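The values are calculated or read from the model by the stated rules, or taken from the named source; none is laboratory data. The shown structure was predicted, so the numbers you read here are calculated from the model rather than taken from an experiment. FYI the Cβ positions are ideal-geometry reconstructions off the backbone, even for glycines, and counts take in every protein chain you see. With ligands, DNA and RNA removed, areas are computed over all heavy atoms of the protein, side chains included. Shrake-Rupley method; radii C 1.70, N 1.55, O 1.52, S 1.80 Å.
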Amino acid sequence: CTWQVWAIYMVLAANLSEEQVLKQACPSCDATQLCNCSSMGLDFVPQGLTGKITVLNLAHNRIKHIRSQDLQQAVNLRALLLQSNKISSIDEDSFLSLGKLELLDLSNNSLAHLSPVWFEHLFSLQHLHLQGNSYRDLGESSPFSSLRNLSSLHLGNPWFSTIKQGNFEGIELLDKLWIDSGNLNQYEPGSLKSIEKINHMIINLRNNNLLSAIVSDLVHSVVWLEVRDVTLETAETSLVQNSALPFRMRKLTFKDSSVTDQYISRMLVLLKEITSLQELEAIDCVLQGKGSWNMEEITRSGESFVQTVSLINIIIPNFHLFFDLDGIQSQVTNLKSLTIASSKVFMVPCSLARYFSSLLYLDFHDNLLVNNRLSETICKDAWPSLQTLNLSQNSLKSLKQTANSVTHLPKLINLDISQNNFGEIPDVCEWPQTLKYLNLSSTQIPRLTTCIPPTLEVLDVSANNLREFGLQLPFLKELYLAKNQLKTLPGAAPVPNLVAISVRRNKLNSFSREEYICDSPLAVRGAEVGAVHLSLMECHRSLVVSSICVLVFLVILVLVALSYKYHAVWYLRMTWAWLQAKRKPKRAPPKDISYDAFVSYSENDSDWVENIMVRELEQACPPFRLCLHKRDFVPGKWIVDNIIDSIEKSHKTLFVLSEHFVRSEWCKYELDFSHFRLFDENNDAAILVLLEPIQSKAIPKRFCKLRKIMNTKTYLEWPLEEEKQEMFWENLKEALKS
């Protein structure tokens, strides 16, 4: 069975080698299911991908080609992100083994065509992103015919110009379809009709001549159609082109588009053909006109089926010439919800407002409404069914006048007048008796008075300058007081039905303990606050933990400072060296002695040591063998180990002492070890040479035995006079021989 063991070994070695290659190319792939190799400058798919990887991110690299074998082993991939590379070609069987893949992103690459073979075996694929490539069409047939589980599809690019029949065959249901087709100039009718249902479709379409054919194909399948970047100038003859009922389209959105008066007039008529349409939306659009619409044609076409209209950030260049839309009344009677936001609206004529007989929701936030125009907008008998009104972020200044205006709304329940600058609040106001929700946040009111209606169930007065709250609001359930100046929590007696209160970011320091019931901790839930006594840890857990952390940090800081002052690091270092030394013999065997002396000196004294002392000793007869760190230390070995080994392999240790030596960190290491290894053995293995006069007190105090030796034993001192130097060398040689 030797060959079997060998084969297993080779397989394991190959796998290990592949994983090492992968780890080198992409370190985050090591032993994890998520492999993030994005933005790493890769020119290829890294080798070594295995079945354990479920998410592979190769986005923002320089990959140009996907090969057959690149993903062959990644059989458990759920998500493959290849966007923003330079991919121009993919081998036909590159995705053959990815039967579990659910997300594939090939967007923003250089694919000039799409091959159906790529996707043939992606049975589990749900999300496919193909936008931002260079293909001009989808081919003669459908690239997606095998993708039965596809949920979202994003395709198209600036060069995408043609959609043909059969391009979407095989797709039955999509949650979202996004087609970037700003330069689409050819659309074969029926191309999108094969998709049975699309919940949300976005299409960028500058050529409005194709809009009718596209809408006609989608009216049976799309629930929400969003058209972007289109310029609507010429009128259509029909949007449905003899399409049979039933229709599915409920919402139509125009975004970043431009429309003329002529088109609006015709569109308001044609949209009635889509009998299922309930919601119409325009966002960031430009109205090129002055409201000169064909009201006679619009009226003749009958009432609109649309119940919800949203106009957000609409720009009208000729706003100063805009008509009052007299005659549009027949189109608004069935409207249930109207939003006109961020569009510089300053009023709605009373004559028009009275025709919104069915409107329940009206949103005028972020406009230019002022109090003297508000009375015209909300006049008597206007908006008779209105229940919710949003007037936030306008230019209302008087709370009293605002309240008087909304009294004309007999069914009003919810009122949002936040982010208006009222500044003051009167003592008495008149409000609709039906009002239950009032938002007065960020209105600069300094106090609360009986102007606040007692019928409220929800009151928001956050972000004002309130210092107290004492109103009697018997029906109030929710109270929002955040970001004020409250010092005392409101008592519970004036608001007996209160369920929720928000008081964050105030200056609270007291509250009525008898009026509140504990909700947490669970052990005291339901008990009166006044009867509960919790520990500091239970009440201020984060504060206690923070204090402990600060205390521990300070203790560590003090210990570090003391360690530095009293050389604790040195003692620890020497203890370790001593423990290491204790494990070795007291003396090295004679056969291990390689040098007569290890020379410890400062780099600043190297000229004397290397050019004078070494020459004198190594050229003597017989010559002495000296160990110098520059010359004899083993390259690549830790310097401390080099020092210890050199001292142990030397018969003597020769210290060339000077002021430079005392200040040298590495000389201290050499002294340190000698302090343990040599002086503790009470032998004469250390030879001290004073290169210059130096006081024993200059030696660090922690080298107590070395200081004692300098005070009690003779050491050699280098003489400056030449006639005395001969004697110095003789004494040094004798010391080395002893």
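Annotations for the structure displayed:
- From the list 430, 376, the one residue that fits, being closer than 19 Å to residue 455 by Cβ and among the acidic types (Asp, Glu), is 430.
- For the range 73-80, the criterion of being within 30 Å of residue 162 (Cβ to Cβ), at pLDDT 95 or above and either among the acidic types (Asp, Glu) or surrounded by 14 or more Cβ atoms within 10 Å (Cβ to Cβ) (or both) is satisfied by at least one residue.
- Selection of the range 470-491 for residues being farther than 16 Å from residue 438 by Cα, hydrophobic (A, V, I, L, M, F, W, C) and open to solvent by less than 30 Å² (accessible area, probe 1.4 Å) yields only 486.
- Residues that are exposed (fewer than 12 other Cβ atoms within 10 Å of the Cβ) and modelled with pLDDT under 80, drawn from the range 705-737: 711, 712, 713, 714
- Scope the range 455-465; condition modelled with pLDDT of 95 or more, part of a loop (DSSP other than H, G, I, E, B) and surrounded by fewer than 19 Cβ atoms within 10 Å (Cβ to Cβ); matching residues: 455, 457
- Selection count, the range 248-262, where residues are modelled with pLDDT under 90 and either more than 16 Å from residue 317 (Cβ to Cβ) or open to solvent by 40 Å² or more (accessible area, probe 1.4 Å) (or both): 1
- Count of the range 406-428 residues which are open to solvent by less than 10 Å² (accessible area, probe 1.4 Å) and more than 42 Å from the chain's Cα centre (by Cα): 3
- Against the list (1) under 29 Å from residue 498 (Cβ atoms); (2) modelled with pLDDT of 80 or more; (3) surrounded by 11 or more Cβ atoms within 10 Å (Cβ to Cβ), the condition residue 522 fails is (3).
- Subset of the range 264-292 that is assigned to a helix (DSSP H, G or I) and open to solvent by 40 Å² or more (accessible area, probe 1.4 Å) - its residue that is nearest to residue 240 (Cα to Cα): 273
- For the range 293-308, the set of residues classified as hydroxyl-bearing (Ser, Thr, Tyr), in a loop (DSSP other than H, G, I, E, B) and within 15 Å of residue 277 (Cα to Cα) consists of 304 only.
- Which numbered condition residue 364 misses (of (1) more than 40 Å from the chain's Cα centre (by Cα); (2) open to solvent by less than 70 Å² (accessible area, probe 1.4 Å)): (1)
- The condition of being part of a helix (DSSP H, G or I) and either β-branched (Val, Ile, Thr) or in contact with a Gly (Cβ under 8 Å, 6 or more places away or on another chain) (or both) holds for residue 555.
Condition check ((1) in contact with a His (Cβ under 7 Å, 6 or more places away or on another chain); (2) exposed (fewer than 15 other Cβ atoms within 10 Å of the Cβ); (3) modelled with pLDDT of 95 or more; (4) not in a loop (DSSP other than H, G, I, E, B)) across all residues:
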{"site": "330", "(1), (2), (3), (4)": "no, no, no, yes"}
{"site": "339", "(1), (2), (3), (4)": "no, no, yes, yes"}
{"site": "346", "(1), (2), (3), (4)": "no, no, no, no"}
{"site": "351", "(1), (2), (3), (4)": "no, yes, no, yes"}
{"site": "372", "(1), (2), (3), (4)": "no, yes, no, yes"}
{"site": "376", "(1), (2), (3), (4)": "no, no, no, yes"}
{"site": "383", "(1), (2), (3), (4)": "no, no, yes, no"}
{"site": "389", "(1), (2), (3), (4)": "no, no, yes, yes"}
{"site": "396", "(1), (2), (3), (4)": "no, no, yes, no"}
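- Selection status of residue 449, open to solvent by less than 30 Å² (accessible area, probe 1.4 Å), in a loop (DSSP other than H, G, I, E, B) and without any contact (Cβ under 8 Å) to a residue 60 or more places away in the chain: yes
- Taking the criterion of being in contact with a His (Cβ under 6 Å, 6 or more places away or on another chain) and of a type in the set (Lys, Arg), the only residue of the range 139-194 that qualifies is 176.
- Residue that is nearest to the chain's Cα centre (by Cα) [pool: residues in the range 376-401 that are among the polar types (S, T, N, Q) and farther than 18 Å from residue 421 by Cα]: 388
- Output for the range 430-441, where each listed residue is out of contact with any strand residue (DSSP E or B) (no Cβ under 7 Å at 6 or more places or on another chain) and crowded, with 19+ Cβ neighbours inside 10 Å: 431, 432
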